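Working notes, structure below.
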Amino acid sequence: MTDPRFTRLAQTLIHYSCELQAGEKVLIEAIDTPPAFTRELVRVAHEAGVIPNVLLKNNEVLRRLLLGATEEQLDLMAASEETYMKGVDAYIGVRGAPNVSELSDVPQSQQKMYERYIWKRVHMDIRVPDTRWVVLRWPPNWPSARPRTSRTSTSACAPWTTSGCQKPSGLCAI
C-alpha cells in the first residue's frame, strides 16, 4: 500500500507546484530517493494525463563517474540531459542525500567541470528559464533521520515533514 503522504506530496508537485495539465510532459529527476515515492509521482502524473519521464540518479555512482570524468564524457552526458530537458514542460527534482559528504573527495577541478557541462548547460541555461520547475530535498533515511535533527519523535515529525510541501504559500519545509 502506498503511503498516503506520498500521494498528497505527488499531487501537490504535479497539480500545484508545476501546474501540469493533461498532455504536458514532465521530467522527474530522482536522486537517492525512495522508489516508492518516485512510483507514486509517476502514477499521479499518469492519472492527470501528464506524460512523465524519469531520470534516476545515485550520488555514489555520480562520485565514481566524476572521479574519472573527461570533458568528452561530460559533454555526452550533458547532450543527453539537454534532450530530456528541452522536451518537457516541467521539471520535478527530488534530491535525497543519504551521505551529504558523498562528493567531498571529488577534486574541485572535476566538480567545476561537472558544473560547467551539466549544471550550467542543462539546469541554468534550459530548466530555469524555459520550464516550470520545483526542486525539493528528500530527508536522509526518512523518516528515521529527520527526528534526530528536529529533536522530536519519529511519529511527531513525520506529519510535519510531509506537510511542509502542502502549504498554500508553496514554501517547502522538507
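The values are calculated or read from the model by the stated rules, or taken from the named source; none is laboratory data. Since the model is a prediction, treat every value here as computed from it, not as a measurement. No Cβ is skipped: glycine too gets one built from the backbone with ideal geometry, and neighbour counts run over all protein chains shown.
Structure notes:
- Within segment 3-56, the set of residues being touching a residue at least 40 places away in the same chain (Cβ under 8 Å) and either assigned to a loop (DSSP other than H, G, I, E, B) or touching a Cys at 6+ places or on another chain (Cβ under 8 Å) (or both) comprises 9, 12, 13, 17, 18, 19, 20, 24, 26, 32, 33, 34.
- Just one of the numbered conditions (1) modelled with pLDDT of 95 or more; (2) in a loop (DSSP other than H, G, I, E, B) is not true of residue 141: (1).
- Some residue of segment 49-56 being out of contact with any Asp or Glu (no Cβ under 8 Å at 6 or more places or on another chain) and crowded, with 17+ Cβ neighbours inside 10 Å: yes
- For segment 17-39, residues that are surrounded by fewer than 15 Cβ atoms within 10 Å (Cβ to Cβ) and either among the acidic types (Asp, Glu) or closer than 15 Å to residue 91 by Cβ (or both) total 1.
- Annotation note: Cβ proximity below 7 Å between a residue of segment 101-124 that is free of Cβ contacts under 8 Å to residues at least 12 places away in the same chain and within 12 Å of residue 70 (Cα to Cα) and a residue that is of a type in the set (Asp, Glu) and not in a helix (DSSP H, G or I) (sequence gap 6+ or interchain) occurs for no pair.
Yes/no per residue for (1) over 19 Å from residue 119 (Cβ atoms); (2) touching a strand residue (DSSP E or B) at 6+ places or on another chain (Cβ under 7 Å); (3) modelled with pLDDT under 95:
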{"residue": "12", "(1), (2), (3)": "yes, no, no"}
{"residue": "28", "(1), (2), (3)": "no, yes, no"}
{"residue": "48", "(1), (2), (3)": "yes, no, no"}
{"residue": "55", "(1), (2), (3)": "no, yes, no"}
{"residue": "59", "(1), (2), (3)": "no, yes, yes"}
{"residue": "66", "(1), (2), (3)": "no, no, no"}
{"residue": "70", "(1), (2), (3)": "no, no, no"}
{"residue": "82", "(1), (2), (3)": "no, no, no"}
{"residue": "86", "(1), (2), (3)": "no, no, no"}
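- Exactly one residue among 42, 94 is within 18 Å of residue 134 (Cβ to Cβ), under 12 Å from the mean Cα position of the chain (by Cα), buried (at least 17 other Cβ atoms within 10 Å of the Cβ) and among the hydrophobic types (A, V, I, L, M, F, W, C), and that residue is 94.
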